[in-house]
1. Which residues, counting only those in the stretch 156-181, are away from the ligand (no atom under 14 Å from the Cβ) and not in a loop (DSSP other than H, G, I, E, B)?
2. Would you check if there is a residue in the stretch 273-294 being closer than 19 Å to S83 by Cβ, in a strand (DSSP E or B) and β-branched (V, I, T)?
3. How many of the residues in the stretch 228-260 are among the small types (G, A, S) and in a loop (DSSP other than H, G, I, E, B)?
4. Give the residues of the stretch 189-222 that are more than 7 Å from the ligand (Cβ to nearest atom), surrounded by fewer than 19 Cβ atoms within 10 Å (Cβ to Cβ), closer than 21 Å to V10 by Cα and not hydroxyl-bearing (S, T, Y), sorted by residue number.
5. Within the stretch 263-276, identify whether any single residue is farther than 29 Å from V51 by Cβ and buried (at least 17 other Cβ atoms within 10 Å of the Cβ), and answer yes or no.
6. Could you tell me whether the stretch 312-333 includes any residue that is among the acidic types (D, E) and away from the ligand (no atom under 16 Å from the Cβ)?
7. Do we find that G22 is over 30 Å from V166 (Cβ atoms) and in contact with a Gly (Cβ under 7 Å, 6 or more places away or on another chain) in this structure?
8. Which one of these does N330 not meet: (1) touching a strand residue (DSSP E or B) at 6+ places or on another chain (Cβ under 7 Å); (2) crowded, with 24+ Cβ neighbours inside 10 Å?
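The values are calculated or read from the model by the stated rules, or taken from the named source; none is laboratory data. Computed from a prediction, not measured in an experiment: that's the story for all the values here. Here the Cβ positions follow ideal geometry from the backbone for every residue, glycine too, while neighbour counts run over all protein chains shown.
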Amino acid sequence: MASVSAHPDVMEKLVSLAKRRGFIFQSSEIYGGTGSVWDYGPLGVELKKNVKDRWWHAMVRARDDIEGLDAAILMHPRVWEASGHVAGFTDPLIDCRNCKRRFRADDPAIKGTPGAPDAQCPVCGSKGTLSEPRMFNLMFKTFMGPVEESAAIVYLRPETAQGIFVNFLNVQQSTRQKIPFGIAQIGKAFRNEITPGNFIFRTREFEQMEMQFFVEPGTDEEHFEYWKAQRMEWHRSLGLAPDRLRYKPHEQLAHYARAAADIEFDFGGSLGYQEIEGIHNRSDFDLGRHQEYSGKKLEYFDQPRNRRYIPYVIETSVGADRTTLALLVNAYREEEVPGETEGRTVLGLSPSIAPIKAGVFPLVKKDGMPEMAEKVANDLRRAFPIFYDDGGAIGRRYRRQDEVGTPFGITIDGQSTQDGTVTVRDRDTLQQVRVAADQLRGYIAERIGTTE
Ligand code: GAP
């Protein structure tokens, strides 16, 4: 359990802002909601897409030693036997016979030993109604084809990684990559978590961004250190505060793992530091198991040295939703505005991540200002997501964009129609500068930065 953070708990405020402003909605809300499943609204989908694009760019497009992949969610059921998920992807589960609630066995709210008469249910408070722990598999099961028989069972993948392992040779041979090289993919994963929660932190349907780097045994330690450093740098490049990020080495390793470390972010409040990404040295376990279960050789042939071996794998595995939540928590602030009675709520998202890059506002709805503002908006819209708003006092319009993290506010005023300049307000400094309307695209592009 993480200790209480020095950063405030902003989760409740974020959940409310996310719904009100169209970032994230509860799934199937009109039916009372689906437990721990969330839908991304117009602004949320842009924000998460920016996160995924940044990852894809850094991991695939900007490198010549990593290839992209988009494997199917449904895989041969033997995959999950080989991977160990059928036997071991379990959590100990406890039921309360009285209130029918379920808990993980290590839930600190449980008093006493589950199964014993003194054990007390943390929800209904009754004693002696908690079952002994039983192992519960977190994979969602379904059936393939029209017949519901055990032979037709398939699983919704609980991680994207296995799609990479089973395609290792397909990718290597079709691209003629030489070891060391990696395969990266972004995709949905599903886990029937017993205790999901904290908004989009732990959900039953989520997106992972995973990369497996295949290396020669013996070189794995240096690659592990390299990827640890690279991945931390990536999180910083998104704008996550360096003093809220840390490494957490795993004290207990899975039997096949040679090393593992998490990158943790401080989510504030009682949630505190929590994993956002795992970096694992998985040895030759995965390819070795798939070779054994499929009966197909998954060796790499090192031609110059005339040597065959099963590569070791360094894995980097990060949640797109969890990173999005970290960015929202990191960005949320409430502050006073000098000279104004009303404070403001700001999402201080880095401009490259912000869902909308600029708000465009005619100061008043007359004297040619709306016409010029629409022209400016249409021109900018070809390059970036922008938002046109001509409703209400200009201060209100700025506040509405501050709250969703829009870095620039462009106002077309009386002077604009005379000399062709507009004001550009910076979300964070509140400073306004005059910029020629025909220079705006370049001005904003420069400040949004590259896709590094
Ligand atoms: N292939 C390795 C793997 O899946 P993991 O630590 O179970 O490792 C990696 O998951 C990342 O996926 C986590 O760091 C987290 O960001 C994300 N993740 C895992 N379970 C999640 C859940 N239930 N909801 C949201 N994100 C989750």
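1. In the first step, residues of the stretch 156-181 are kept if they are away from the ligand (no atom under 14 Å from the Cβ); the result is 167-181.
Across the stretch 156-181, the qualifying residues are F168, L169, N170, V171, Q172, Q173, S174, T175, F181.
2. Within the stretch 273-294, the first condition is being closer than 19 Å to S83 by Cβ, and the residues that meet it are 278-294.
Those left that are additionally in a strand (DSSP E or B): 278-281.
Retained after the next criterion (residues that are β-branched (V, I, T)): 279.
Looking for residues that are closer than 19 Å to S83 by Cβ, in a strand (DSSP E or B) and β-branched (V, I, T), one finds at least one in the stretch 273-294, hence yes.
3. Initially, the stretch 228-260 is screened for residues among the small types (G, A, S), giving 229, 237, 239, 241, 254, 257, 259-260.
Filter again for in a loop (DSSP other than H, G, I, E, B), leaving 239, 241, 254, 257.
Within the stretch 228-260, residues that are among the small types (G, A, S) and in a loop (DSSP other than H, G, I, E, B) number 4.
4. Residues satisfying the conditions are G197, N198.
5. Start the filter on the stretch 263-276 by keeping residues that are farther than 29 Å from V51 by Cβ, which leaves none.
For the stretch 263-276, residues farther than 29 Å from V51 by Cβ and buried (at least 17 other Cβ atoms within 10 Å of the Cβ): absent.
6. Pass one, the stretch 312-333, residues among the acidic types (D, E): 315, 321.
When the remaining residues are screened for being away from the ligand (no atom under 16 Å from the Cβ), the result is none.
No, the stretch 312-333 contains no residue that is among the acidic types (D, E) and away from the ligand (no atom under 16 Å from the Cβ).
7. On the way: over 30 Å from V166 (Cβ atoms): yes; in contact with a Gly (Cβ under 7 Å, 6 or more places away or on another chain): yes.
Criteria met by G22.
8. All conditions are met except number (1).
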